[in-house]
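Trainee: Structure incoming, see below.
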Amino acid sequence: MSGNTAILVLGDQLSWCHPALQQADPEETVVILAEVREEASYVRHNRHKIALLFSAMRHFALALAERGFQVEYYRFEDGLPSLLAACERALAQWQCERLLICEPGEYRLLEQMTGWAEVSGVPVEILTDSRFLSSRQDFSDWASGRKQLRMEYFYRDMRKRYGLLMDAGQPEGGKWNYDADNRTGWRSQCDVPARPQPVLDEVTREVIECVAAHFPDHPGDLSTFRWAVTHEAAQGELDWFCEHALPAFGTYQDALAEESPWLFHGLISMYLNCGLLEPLAVCEQVEAAYRRGHCSLSAAEGFIRQVLGWREYVRGLYWHHMPDYRERNALSAERPLPEWFWTGNTEMRCLSQALRQSLDLGYAHHIQRLMVIGNFALLAGLSVSEVCDWYLGVYLDAYEWVELPNTLGMALFADGGIMASKPYAASGKYIQKQGNHCKSCRYDPKRVTGEDACPYNSLYWHFINRHNALLSQNPRMGLILGGWRKRGDDDREAVLRWADRTLERIETL
Ligand code: FAD
Ligand code: DLZ
Ligand code: SF4
C-alpha cells in the first residue's frame, strides 16, 4: 500500500473533527500517533495526564483502524525522542509525499513545526484547528481596534453567533450573565452525588504500568486513575454530569468543600482539551437540559459561559499575545516556589487539600486553582515562571494555550491587567466564606498577626501595601487602598512585620 498523505494527530487532538481527518480518504492516508519523550517530559507532567493521553491515543488508533485508516503508532517503549523523529520515520517507511498537521495548542511546538518541511524533505501543511468555536483569526478580528479585551463582550458576541441561550435575538431571561446567583458558600448543606468510577480496560492497565515504570519522579497517584479514555466514555461522564450535578452547578460554582475534590463541577476540561468531547455539542447538551426544565437558567448560563466564553477567550488571548505574553511579570514576582507545592505538606488546610488533590489526581476546580493556590502565589509573590510550570505540569487539562492566560494573567496578574480588570487577591475571610476548610485548620481566619493567624491575612495586606502605586491607578481598588491607608501607622507596621516573618518561614507554614 502506498499511503501518499500522512497526518500527524497529536495527543490532544483525538477528535473526528480534526481538520485533516475530516477531509481524508482512509485508503490514501497514513495516520501517525506517537508517544514521545520530548512531549512527555517538557514539564513534570502529572502521571495521570500522561496515562490519560497515552491510553486515549491507543484507543483512538484502534478506532481509526476500524474506520479503514492505516495507522502508524509509536509506543513510548519504542524510544522516539520527538514528534519530528516519529514523522520522519513514518514518512520514510510509508513513502509519503506530504504531511498534514493541525495547528498545535502551544507556541513552542508551532515554532518547531514551521521548520519541519525543510528537515523532512516533504511539504508540510499546518491546518487551522477547527475544533474551537472562535478561530485565531476570528479573535484577532474581534480584538482589533478595542482598547480592552474583556471576556464579557466576547462572550455576548459568541452567544449571538451560536444562538445559545437566546430568545428572539435577546439573551434568555433578559440578562447575559447570572454570576451573582452563583456564589453560595459550602456548609455541607446537601449531599454531593457519588461519581461512578469508569472501569479500566486492558489497554489502560498496560499504559498505567508503562507510565509508572518510566515516570517514577512525576506527581500523580496512579492507583486513583479514574478517567475516561474514549469518546463514548467521555460522553458518559458528560451525561452523568448533566443528569446529577448540573442542577447544583451554578449555586456551588464558587464553593470550597472539605468532603469533595469536585463538588458539582463538570470534570470535562481534560476531555474537551484532548478531543474526546466537542465544545459546541457540550453547550447544546447543557442548553437542552435547561430547555426541558432539568436545571435553572443560572446553572446553564454559568456553565455555557465557561465553555463558550472563558475557554475560547483565553485561547484567543494566548495566540494574540504570544510569544511575549510568557515573559510578562508585571508585579516582579520572583520568590522561589516552596517545596510543599510538590508535596502538599503545609498546615494551611485549604492549600494542603487543593495541592494534594492536584498532585495526586491532576484535578482541582476553578476556585481552588484561582482563590486558594493562585491567590497564595499572588500574595506571596511567587515566581511567575515557576508557578506557570507547576500548573502546566500538574493538571490533567493543562496545555499552554489555556494554562498560561489563566495562571499568568488571571491568577497572578502578571500581564498587568490584560486578562483581569483587577487582581484576584483575597484574605482568609474569602476562603472562610466560601467553604468549610477553616474549621479543620490549625490557623485562625479571623486573626491577622500572631502564631495562629491565617497566613493569607497578613500576606494580603503586604500585597496591597507593596503594590500600592500600581493598584492606586485602578478605580476598583480605591476602597481597599483607602481602608488600608486609614489604619494607624503602628497597626500597619505590625501587620507588615508579621507578613515579613511569614514570608521568611514560608517553607514551614
Ligand atoms: P467546570 O467548572 O465544570 O467548568 C466547565 C468547563 O468550562 C471546563 O471544563 C472548562 O473547559 C471550561 N472553563 C471554565 N473556566 C475556564 C477558564 N478559566 N479557562 C478555560 N476554560 C474554562 N483550564 C484548563 O482547561 N486547563 C488548564 O490548564 C487550566 N489552568 C488554570 C489555571 C488557573 C490558575 C486557573 C484559575 C484556572 C485554570 N483553568 C484551566 C480553568 C478552570 O479552572 C478549569 O477549566 C476547570 O477547573 C476544569 O474543571 P471542570 O471541567 O470541572 O470545570
Ligand atoms: C501532553 C502530551 C504528552 C504527555 N505526551 C504526548 C505524546 O507523547 N505525544 C503527543 O502527540 N502529544 C503528547 N502530549 C500533548 C502535546 O504535548 C500537545 O500536543 C502539545 O503540547 C500542544 O498542545
Ligand atoms: Fe486556609 Fe486560612 Fe482558613 Fe486555614 S484559616 S483553611 S489557611 S483560609
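Trainee: What FRET efficiency would be calculated for the residue pair Arg485, Glu28, taking the C-beta separation as r and a Förster radius of 60 Å, to the nearest 0.05?
Mentor: Rounded to the nearest 0.05, the efficiency is 0.25.
Trainee: Can you give the local net charge around Cys210? Use residues other than it whose beta-carbon is closer than 15 angstrom to its beta-carbon, Lys and Arg +1, Asp and Glu -1.
Mentor: Every neighbour counted, the sum reads -2.
Trainee: What FRET efficiency comes out for the pair Lys429/Asp221, r = Cβ-Cβ distance, R0 = 30 Å, nearest 0.05?
Mentor: My answer for the efficiency is 0.40.
Trainee: For Lys422, which lysines qualify as cross-link partners when the Cα separation must be under 30 Å and same-chain residues fewer than eight apart are set aside?
Mentor: Hits, sequence-local ones excluded: Lys147, Lys160, Lys175, Lys433, Lys439, Lys446, Lys486.
Trainee: Can I ask one more? Which value in nm describes the separation of the simple spin-label points at Gln93 and Arg497, placed 7 Å from the Cα toward the beta carbon?
Mentor: Those two pseudo-labels are separated by 7.0 nm.
Trainee: Another question about this same structure. Suppose a student asked you for the relative contact order of the range 5-127, using Cα pairs under 8 Å spaced at least 6 residues apart; what percent would you report?
Mentor: Relative CO of the range 5-127 lands at 34 percent.
Trainee: Compute the Rg/Rh shape ratio of the range 339-508: radius of gyration over Kirkwood radius, all on alpha-carbon atoms.
Mentor: Ratio value, two decimals: 0.95.
Trainee: So how much accessible area does Arg487 have, in Å² to the nearest 10, using a 1.4 Å probe?
Mentor: 60 Å²
Trainee: Test of understanding: what is the full-extension gain from Val199 to Ala65, defined as 0.36 nm times their sequence separation minus their Cα-Cα distance?
Mentor: Going from the current span to full extension adds 45.9 nm.
Trainee: Accessible area of Ile367, 1.4 Å probe, to the nearest 10 Å²?
Mentor: Its heavy atoms expose roughly 10 Å² to the probe.
Trainee: Between Lys446 and Asn345, what is the label-point separation in nm under the 7 Å Cα-to-beta-carbon projection?
Mentor: About 3.3 nm, to one decimal.
Trainee: May I pose another question? Heavy atoms only, 1.4 Å probe, whole protein assembly: order Trp461, Trp390 by accessible area, highest first.
Mentor: Output order, biggest surface exposure first: Trp461, Trp390.
Trainee: So if each residue of separation counts as 0.36 nm, and I subtract the Cα-Cα distance between Arg187 and Lys439, what length gain in nm does that give? Walk me through the intermediate numbers first.
Mentor: On the way: separation 252, 0.36 × 252 = 90.72 nm, distance 1.06 nm.
Residue separation times 0.36 nm, minus the Cα-Cα distance, leaves 89.7 nm.
Trainee: Still on this structure: In the full protein assembly as shown, how much of Thr343 is accessible to a 1.4 Å probe, in Å² to the nearest 10?
Mentor: Around 60 Å² of this residue is reachable by solvent.
Trainee: Let me ask another. Helix-derived [θ] at 222 nm for the chain: sum -39500 (n - 2.57) over DSSP H runs of at least 4, divide by residue count, nearest 500?
Mentor: The helix-only estimate for the chain comes to -12000 deg cm²/dmol at 222 nm.
Trainee: Taking the Cβ-Cβ separation of Ala213 and Trp16 as r and a Förster radius of 41 Å, what is the calculated FRET efficiency to the nearest 0.05?
Mentor: Computed FRET efficiency for Ala213 and Trp16 comes out at 0.80.
Trainee: How big is the C-alpha Rg of the range 412-509 next to the rule-of-thumb value 2.2 N^0.38 Å, as a ratio?
Mentor: Working: Rg = 14.1 Å, N = 98, 2.2 N^0.38 = 12.6 Å.
Here the answer is 1.12, to two decimals.
Trainee: Where does each of Ser269, Ser15 land when they are ordered by accessible area, with a 1.4 Å probe and the largest first?
Mentor: Sorted by accessible area, descending: Ser269, Ser15.
Trainee: Please work out how much length the chain gains when fully extended from Leu280 to Glu507, using 0.36 nm per residue of separation minus the C-alpha to C-alpha distance, in nm with one decimal.
Mentor: Contour length minus the Cα-Cα distance gives 77.3 nm.
Trainee: Measure nothing but the geometry: give the 0 to 90° angle between the long axis through the Cα atoms of 231-240 and the longest principal axis through the Cα atoms of the chain, rounded to 10°.
Mentor: 30 degrees
Trainee: Separate question: Heavy atoms only, probe 1.4 Å: what % of the accessible area of the range 314-403 goes to carbon and sulfur, would you let me know?
Mentor: In the range 314-403, the share of accessible area belonging to carbon and sulfur is 46 percent.
Trainee: Here's another thing I want to ask about it. Among bridges DSSP assigns within the chain, what percent are antiparallel (round to 5)?
Mentor: Working: 2 of 22 bridges.
Among the beta bridges of the chain, antiparallel pairing accounts for roughly 10 percent.
Trainee: Moving on. With a point put 7 Å past each Cα toward its Cβ, work out how far Glu243 is from Met166 in nm, to one decimal.
Mentor: A separation of 3.2 nm, rounded to one decimal place.
Trainee: In terms of the ratio Rg/(2.2 N^0.38 Å) built on C-alpha atoms, what value belongs to the range 5-127?
Mentor: Compactness ratio reported: 0.98.
Trainee: What Kirkwood hydrodynamic radius, in Å, does the chain give when the mean of 1/r is taken over all pairs of distinct Cα atoms and then inverted? List each step's numbers first, then the result.
Mentor: Working: mean 1/r = 0.0413 Å⁻¹.
Evaluated on the chain, it is 24.2 Å.
The values are calculated or read from the model by the stated rules, or taken from the named source; none is laboratory data. For clarity, every value in this text was computed on a predicted model and none was experimentally measured. We place every Cβ from the backbone using ideal geometry, glycine too, and count neighbours over all the protein chains shown. Side chains included, ligands, DNA and RNA excluded: accessible areas come from the protein's heavy atoms. Shrake-Rupley method; radii C 1.70, N 1.55, O 1.52, S 1.80 Å.
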